[in-house]
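Colleague: Please read through the structure below; I'll follow up with questions.
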Amino acid sequence: MRQLETLSLAGVEAVVAGFGGQRAGAQRTRGLEFVDYRRYTPGDDLRSIDWNVYARLREVVVKAAPAEGHVDLALLLDGSRSMDDGTPSRFRYAQELGAMLGTVALLGSDVVAVHMLADGTSFTGARLAAPHLVGELIEEVGELPRGTKTDLAASLRDYRRGAEPADLAVLLSDGLAEPDALAEAIDELAGSARAAAFVHLVEGEEALAALEGAYELEDRETGERLVVEVTPRVRATYEGRVAAASTALKDRCGDRGVTYLRAAMDVAPLDFLFGAARDARLVSL
């Protein structure tokens, strides 16, 4: 917690401009007094409430001063069974990284909502908007319901239909889907928020190098089994295909204005935040 307190999410202006420097979006309203509205949270100064908005929309909102610049973060976790692989599993890694990123947001008085994606649908948790709700965030991430099959595009469409638009959407996924389906998912992610990031969870190099001998592979989602003899040549071919798929995913993200971050699971989530996530300007000191 002490280390996470030193980090903050990309500021509002960085999010609007594309925090990774890849995307240009519509500028927020500028003025001498405020740059945007946000929902009222307990503890806000009652004098900052815009009663004209309340009279029209029956929503209690406050004017966010330039120094506030609250960011509305949507954490999107791939809940398909392919995320069960790895030690720890990719889903466990996504939970830990998502909880840490959400904690950074809450400690900075940003707004966080957690969403689980699987089977073409989405599950949306509560919107959290105060530092004292870190415990509730961690509990919610730890108790997310799980699905079976990967259908990120349909799940993202379902999420977009039911959730409020976010400033920043961060998808944590292993990206294990057919190329066309994955490209469609990136398109949906790009349209889901002012700025978006795809955190690609991949096996570390040490895990790949350790593979040798006969293995029975099982598709977590379909139950299909396949016996493979892993030789140096087979491993090299596999590594080449994984690299090519990652490059294609990164290129698609770049084309659609989505920041791509590769998260090798032999790098601890906290180290990832202070390393790759800082380099991409998703978070800053």
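Colleague: Once you have the Kirkwood Rh of the stretch 115-164 from its Cα pairs, apply Stokes-Einstein at 4 °C and 1.567 mPa s and quote D in µm²/s.
Modeller: Working: Rh = 11.7 Å.
Stokes-Einstein gives a translational diffusion coefficient of 111 µm²/s.
Colleague: Which whole-number percentage describes the relative contact order of the stretch 58-150, with Cα contacts under 8 Å and a sequence gap of 6 or more?
Modeller: Numbers: 145 pairs, mean separation 31.3, N = 93.
This gives 34 percent for the stretch 58-150.
Colleague: Follow-up question, since we're still on this one. Taking H as built 1.01 Å from N, whose amide H comes closer than 5 Å to the amide H of residue 260, not counting residues under 5 places away?
Modeller: Those qualifying (amide H under 5 Å, at least 5 residues apart or on another chain) are 198.
Colleague: Now a separate question. Please list the non-local residues whose amide H lies under 5 Å from the amide H of residue 169, H modeled 1.01 Å from N, same-chain partners needing a gap of 5 or more.
Modeller: 74, 195, 196, 197
Colleague: Which helices count as membrane-span-like in the chain under these terms: full DSSP H, at least 30 Å along the axis by C-alpha, Kyte-Doolittle mean of -1.0 or more?
Modeller: Qualifying helices, which must be both long enough and hydrophobic enough, are 232-255.
Colleague: P(r) of the stretch 89-143 in 5 Å steps, Cα pairs, percent per bin?
Modeller: 5, 20, 32, 24, 12, 6, 1
Colleague: If you take the alpha carbon radius of gyration of the stretch 142-249 and divide it by 2.2 N^0.38 Å, what ratio comes out, to two decimals? Kindly include the intermediate steps, with their values, before the conclusion.
Modeller: Details: Rg = 16.7 Å, N = 108, 2.2 N^0.38 = 13.0 Å.
Working it through for the stretch 142-249, the quotient is 1.28.
Colleague: Based on the inverse mean of 1/r over its pairs of different Cα atoms, what is the Kirkwood hydrodynamic radius of the chain, in Å?
Modeller: That comes to 19.9 Å for the chain.
Colleague: Rank 268, 105, 129 by mean-square fluctuation in a GNM of the chain with C-alpha springs under 10 angstrom and give only the top-ranked residue.
Modeller: 268
Just so you know, all these numbers are worked out from the coordinates, no wet-lab data involved. Note that the coordinates shown come from a computational prediction; the quantities given were computed from them, not determined experimentally.
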